[in-house]
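The next block holds one structure in the form of structure tokens; read it before the comments.
We did not get these values from a lab; they are worked out from the coordinates using the rules stated. Remember, predicted model here, so these are calculated numbers, not experimental data. FYI the Cβ positions are ideal-geometry reconstructions off the backbone, even for glycines, and counts take in every protein chain you see.
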Amino acid sequence: MLNFFRRFTKSRFGLIAVFVFLAVIALAFAAGDITGLRATGGSSAGGNVVAKVGDRKITDREVRERIDIFLSNLRRGGQNVTMEQFLAQGGLELTLDELINSAAMVEFAQGSGMQVSKKLIDGDIASNPAFFGLDGKFSQKQFEELLSQNRISPVTFRAGLTDERYTNWMVNRATLGNQIPDGVLLPYASLLLERRAGTVGLVSTIAMDPGPDPDDKTLTAWYNANRARYMVPQRRIVRYAMVQAEALRARTAATEAEIADAFKKAGNRFAATEKRSVELVTALDQNVAGQIAAKAKSGPLAAAATAAGLEARTLTALEKPAMATQVSAAFADAAFAAQPNTLVGPVKVGPSWLVYRVTNVEQVAAKTLDQARPELAGEIGARKLAEALAGLRQSLEDGIGDSKTFDELVADAKLTAGRTPALVAAGTDPDNPEFKPDTATGAIMRAGFGIEQGDDPQLVPIASDGSFALVALERIVQAAPRPLAQIRDQVVKDYLVQQALQKARTAATAVVAKLEKGVPMQQALAEAGIAKGPPPKDFDFKRSEVLGPNIAPHLQMAFQMAPKKAKLVEGRNREGYYVVYLDKIEEHSAANDPAALAKVRSDIAPQVGPEYARQFIASVRNHLKVTRNDQAIAQLRADLSRQGTAR
């Protein structure tokens, strides 16, 4: 959810503005390292001012736009995050803080005399492959369409690129250098060698009596307090009409008349011809070419070329025009006049001296109409199919441009409309685990989660053969918990597990108290009434052996406590509570351990640049006058909360 973006803010560029222009990042990332196209104050006119950075104003409308773009991109990527979840995880504060950072950097840059020219931004846009047309060059139409699809105006986009330039110029300079002295690394490296030993016991959930089943009132109250646990993510019902190449193939098959006409117009294409394979060495000096020719008379031409520091080329099964294209017309004439397996040269062709040998001659017989029919039929059919797909696509695009509805477009094109069930962005149905989306459904749902209600229909590719679909959003089914009546048995089970888990915590707390009084682990468990469960286990590990997210929680806890102390930590999947008793700590120095120092250096070095950037941005913010309008921010939060529940 937001964790990715919190991690991203630790990077050098992510610090500036995580949530700004995420739609542009999504459509243009293939162009290169576009990690933060940012727009700051002034890009969104109107709205209440929630913060000021110098003379730059950040409005609630601007913050709202950034959040909408962020959530839309999450949905497009298959993550269903509600506004309620976004706000609960600090999304509003993080968005506003990053916008303030970005505005501060731009304000400071401009105040220091920096200027970003229009010509520079024009160059950035023109060189972005995301905006290239079919000819591989910048397309104004492609540029405008992509921005329109992502609800970004050209003015806002340019402002974002301009601000990006300012921030990159400053942050890049501020984060140069990541050298770390050994004296700084030594304490951290020594920590990796530290050993800890102790004992761990488990107070298992299944060993606890959860008590009687809850009555209706109790169960309802517990369900209401844990609604998020039973949340069904946002789903969408999408209308679609597919245009599949396979369905058009029969209608676009080549006719006998078309095949005969193509054969007649083929010229010499199917006439008898000759193909030759040639081994060739090119030298700029006649003497070198002569030495190669002398050696090649009694051995392979390739070996003679290698001895002279050159490399032989092999031209395989080429007709004369193709050989003329690859070398020259003069060489092709000579090669097709030469005797097979006879060394020729050195001969001068243009500025170069050539030594060559014709290694194979292949006579290709002429093809009759019947023999050429499969080849011509395939070519004609492929061309007609591509033209049919392109014509139908263009017709639909024109209709979309004329503001026709989905039903009107389907009727005009004589397509068959379909409707998906209420599916999540990944194309699956939470109510039907047996539903397996195919490739086309996946593409349709990704498009459906990229548009909003009231948007024009869209055309999206669904296969590599040119097939596509016309897509329109019919209805949004907002994220909501499953009704209690529908999942009552599951809720009862979860309630009972929770009761048992709470009792396990109470018992584990009693064990901790006994351990700190010197009672051995096995005895402490027995005195606390823990009759079931696995026996206690001793542990003895180095800190370097328990690093990583997949290490058991109780082992991680052992490296966060003082010796001769006990602590409890909840196990995974509500399995119970582990009680950890740390017996001793054994410290070791890494002063004579280059490998440990090198590992710590490799771990810390990537954090030096981001830390410099954080400190630099904090300094810039302190240099400027930054004010927050807490009342406007609170109002924005309330409006966003209502938006989340209303939808």
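At 25 °C and 0.890 mPa s, grab the translational diffusion coefficient of the range 453-492 from Stokes-Einstein with a Kirkwood Rh over Cα pairs, rounded to a whole number in µm² per second.
Numbers: Rh = 13.9 Å.
D = 177 µm²/s.
In summary, the lysines within cross-link reach of residue 264, defined as a Cα separation below 27 angstrom excluding same-chain residues under 8 places away, comprise 275, 320, 367, 384. Once the Cα atoms are used to define both axes, helix 60-76 deviates from the longest principal axis of the chain by about 70 degrees. Taking the C-alpha atoms only, the angle from helix 630-646 to the longest principal axis of the chain is near 70 degrees.
Phi-derived couplings, Karplus 6.51 cos²θ - 1.76 cosθ + 1.60 at θ = phi - 60°, listed residue by residue for the range 208-216: 9, 8, x, x, x, 4, x, 7, 4 Hz, with x used for Gly and Pro. For residue 480, the residues whose modelled amide H falls within less than 5 Å of its own, excluding neighbours fewer than 5 places apart on the same chain, are 232. Working from label points 7 Å from Cα in the Cα-to-Cβ sense, the residue 148 to residue 120 distance is 3.1 nm.
Report the percentage of all Cα-Cα pairs in the chain whose separation exceeds 38 Å, rounded to a whole percent. The partial results should precede the final answer.
On the way: 130980 of 208981 pairs.
Result for the distance tail: 63 percent.
If the segment from residue 195 to residue 258 were pulled out straight at 0.36 nm per residue, it would be longer than the present Cα-Cα gap by 14.4 nm. From the square roots a ≥ b ≥ c of the eigenvalues of the alpha-carbon gyration tensor of the range 80-158, which class results: rounded (a/c under 1.5), prolate (a/b over b/c), or oblate? Here the range 80-158 falls in the oblate category.
Looking at the range 257-334, which trypsin sites (Lys or Arg not before Pro) are in a loop (DSSP not H, G, I, E or B) and have at most 12 other Cβ atoms within 10 Å? Each step should come with its number before you reach the end.
On the way: sites: 264, 265, 269, 275, 276, 295, 297, 313; in loops: 265, 269, 297.
Those that pass, being in a loop and sparsely packed, are 265, 297.
Counted residue by residue at 0.36 nm each, then reduced by the alpha carbon distance between them, the extension gain from residue 474 to residue 371 reaches 31.9 nm.
What is the mean projected area of the alpha carbon convex hull for the range 434-584, to one decimal in square nanometres? Mind showing how you got there, number by number?
On the way: hull surface 63.5 nm².
Across all orientations, the range 434-584 yields a mean hull projection of 15.9 nm².
Loop-located trypsin sites (Lys or Arg not before Pro) in the range 65-140 (DSSP state not H, G, I, E or B) with no more than 15 neighbouring Cβ atoms inside 10 Å: 137. Here the sum of -39500 (n - 2.57) over DSSP H runs of 4 or more residues, divided by the residues of the chain, equals -15000 deg cm²/dmol at 222 nm, to the nearest 500. Applying D = kT/(6 pi eta Rh) to the range 246-382, where Rh is the Kirkwood radius over alpha-carbon pairs, T corresponds to 4 °C and eta to 1.567 mPa s, the Stokes-Einstein value obtained is 75 µm²/s. In straight Cα distance, which aspartates and glutamates are under 14 Å from residue 514, not counting same-chain residues fewer than 8 positions off? Within the straight-line limit of under 14 Å, residue 514 reaches these aspartates and glutamates: 527.
With R₀ fixed at 45 Å, the C-beta to C-beta distance from residue 220 to residue 411 puts the FRET efficiency at about 0.35.
About its Cα centre, the range 552-647 has a charge dipole of approximately 520 debye under the convention of +1 per Lys or Arg Cβ and -1 per Asp or Glu Cβ, with nothing else charged. When we measure straight from the Cα of residue 217, which lysines land under 19 angstrom away, once same-chain ones fewer than 8 places off are left out? Residue 217 reaches 493. Phi angles across the range 560-572 convert, under the Karplus curve 6.51 cos²θ - 1.76 cosθ + 1.60 with θ = phi - 60°, into 3J(HN,Hα) values of 10, 9, 8, x, 6, 10, 10, 9, 10, 8, 6, x, 6 Hz, Gly and Pro given as x. Computed from point charges on the beta carbon alone (+1 for Lys and Arg, -1 for Asp and Glu), the dipole magnitude for the chain about its Cα centre is near 1060 Debye. Working from label points 7 Å from Cα in the Cα-to-Cβ sense, the residue 551 to residue 322 distance is 6.2 nm.
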